[in-house]
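These notes are about the structure you will find just below.
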Amino acid sequence: MALILCLETATTNCSVALARDGKQIALREINSKQYSHAEKLHVFIDEILKEQQLEPTALDALAISKGPGSYTGLRIGVSAAKGLCFSLDIPLIAIPTLDLISHRIKVTEGFIVPLMDARRMEVYSAVFNPEFEQVRDTKAEILEENSFEEYLSQGPVHFIGNGVQKFQEVCNHPNANFHIQEFPSATEMCGIAEEMHKKSDTVDVAYFEPYYLKDFIAG
């Protein structure tokens, strides 16, 4: 039975979960527009371990949400994850952030399209089927009225994430279903991380970097 610490810092939601055998046993998270990751992340990790009366050495692996997302949030999360993995000599599991968002909804038909807010009318997006298999590559794209027409023409499409409101303002397609202001959470990481751990689907701690998707633009 694997004990895995899961960290999600790609958006304004700072989220830490502890999973045993793929089941969440503890959670701490706060969603703050001020990005409280630097102040809260290590506090949450410490609180969860103490709550479960565990030492860090009990961990079998650590999972991180790898992006895309906030540059600052991703760097804070990945830096913490790599530091813990190095010091504890445990493997690092990296899970795509859009994959996590797609798991916040369960559907039986159509498509799931996570939309993460980027700059102006831009979002990070991907397309998944009801089995959470990715059927279109991750992109940074400008939203327009006819965006995702290829999928909307086939049936219901569920748009989910903190970038959904942007698309809702320009899309009137009858097959579009909007799930506004859903954020990725470490909760969804628990089961995914367990399956990846069983397959030894891990990354090189020394060389791993967040998946930014776009170059950083200051200001």
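Please treat every number below as a calculation from the coordinates, not as lab data. Since we're looking at a predicted model, the values are computed, not measured. Backbone-built Cβ (ideal geometry, glycine too); neighbour counts: all protein chains shown.
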J(HN,Hα) series, segment 21-37, from Karplus relation 6.51 cos²θ - 1.76 cosθ + 1.60, nearest Hz, glycine and proline x: 6, x, 10, 5, 10, 7, 8, 9, 7, 8, 10, 10, 5, 7, 6, 8, 4
Gaussian network model of the chain, Cα within-10 Å springs - most flexible of ASN129, ASN177, ASN146: ASN146
Most mobile of PRO56, PRO91, PRO184 in a GNM of the chain (Cα contacts under 10 Å): PRO56
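R0 = 30 Å: FRET efficiency of ASP201 with GLN181, Cβ-based, nearest 0.05?
On the way: r = 30 Å, r/R0 = 1.02.
Calculated value: 0.50.
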³J(HN,Hα) computed for each position of segment 40-47 - Karplus, 6.51 cos²θ - 1.76 cosθ + 1.60, integer Hz, glycine/proline x: 9, 4, 5, 5, 4, 4, 5, 5
Contact order normalised by residue count of the chain, Cα under 8 Å, 6+ apart, percent: 23
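Tell me the mean residue ellipticity at 222 nm calculated for the chain from its helices only (DSSP H runs of n ≥ 4, each -39500 (n - 2.57), averaged over every residue, nearest 500).
Working: 6 runs with 58 residues, N = 219.
Calculated at 222 nm, the ellipticity per residue is -7500 deg cm²/dmol.
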Qualifying lysines (Cα of each under 19 Å from Cα of LYS139; at least 8 residues distant if same chain): LYS66, LYS166, LYS214
